[in-house]
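To start, the structure itself, in structure tokens.
The values are calculated or read from the model by the stated rules, or taken from the named source; none is laboratory data. Quantities reported herein were computed from a predicted structural model and do not represent experimental measurements. Virtual Cβ from ideal backbone geometry, glycine too; neighbours counted across all protein chains shown.
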Amino acid sequence: MSILPKILYLFQTLPICLPKSGLSLPDLTSYYQATLLTKLTERSQVAVTKQWKTLENYWATLPIQNIIWNKDIHSKLYVGNNPQIQALTTFWRLFNPKYNLVPYPSPMIPLSLNPEYPPGLIDNGLPHAFGIQNLQLYHVMEPPDKPSMIRANIPLWDNRDHWRHIQIKHYLNKNPNLQQANRAPDEFEKLCDSKIPNNHLISRLVEIQKIISSNLTLFVKGCQTI
């Protein structure tokens, strides 16, 4: 395990498949997948302000983090000519359908610059509408026992916010399947929505990946519960 920290950095830049390991070695496949999931997680965290996010946004036509939440990842819109972005989108297109890490629809679906919500492509003020930073689907959902989060700020709405609310209600009524997003977020979604940077993120993602993996042996599953 002493060499593992030295190769984690390389895992984040090498779009290759790695074999599984035996009991005496780290599971390189899980660690490699976790390093790529780390980039997707940090992509969604507003608190993470790393320079590589700015650089990759320069190459992409839309926010790369949207590929986590959308049903159709619209990969051609994100990839551009950057091989790092190509590797990331390809990995997610193969990984999520296999493990269903993020069930669709997710409460974390962004409404701004999202091809699945057309008004968000032309409304530059939507990310901070209704007094909420990074407006997402769970902000506008109506739980059975309380009003939506955006309605808590109704006295502060301007005319544009009232029009946005009408657009969002129409979008939800037109897509009733989105009501399935009216649920508690899972562990991966909580990490992506964290308002502070997460410590030991790769280790936490490895644990999540192992839990959802359908290829775990009974021995490993038993060890994880100890």
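A few notes on this one:
- Taking the criterion of being more than 19 Å from Arg183 (Cα to Cα) and either among the hydroxyl-bearing types (Ser, Thr, Tyr) or in the same structural domain as Trp163 (by TED's automatic domain parsing) (or both), the residues of region 94-113 that qualify are Tyr99, Ser112.
- Residue within region 132-145 that is in the same structural domain as Ala60 (by TED's automatic domain parsing), in contact with a Leu (Cβ under 9 Å, 6 or more places away or on another chain) and under 23 Å from Ala60 (Cβ atoms) present: no
- Residues (in a helix (DSSP H, G or I), loosely packed, with under 15 Cβ neighbours inside 10 Å and hydrophobic (A, V, I, L, M, F, W, C)) located in region 115-132: Leu121
- Every residue from region 167-226 that is at pLDDT below 90, more than 17 Å from the chain's Cα centre (by Cα), polar (S, T, N, Q) and part of a loop (DSSP other than H, G, I, E, B): Asn199, Ser213, Ser214, Asn215, Thr217, Thr225
- Members of region 43-72 found to be hydroxyl-bearing (Ser, Thr, Tyr) and under 20 Å from Ile132 (Cα atoms), listed by number: Ser44, Thr49
- For region 35-72, the set of residues classified as assigned to a helix (DSSP H, G or I) and closer than 28 Å to Asn175 by Cα consists of Leu40, Thr41, Arg43, Ser44, Asn66, Ile67, Ile68, Trp69, listed by residue number.
- Only one of the numbered conditions (1) surrounded by 14 or more Cβ atoms within 10 Å (Cβ to Cβ); (2) in contact (Cβ under 8 Å) with a residue 24 or more places away in the chain is violated by Ser148, and that is (2).
- Filter pass, Asp161 being modelled with pLDDT of 90 or more and assigned to a loop (DSSP other than H, G, I, E, B): no
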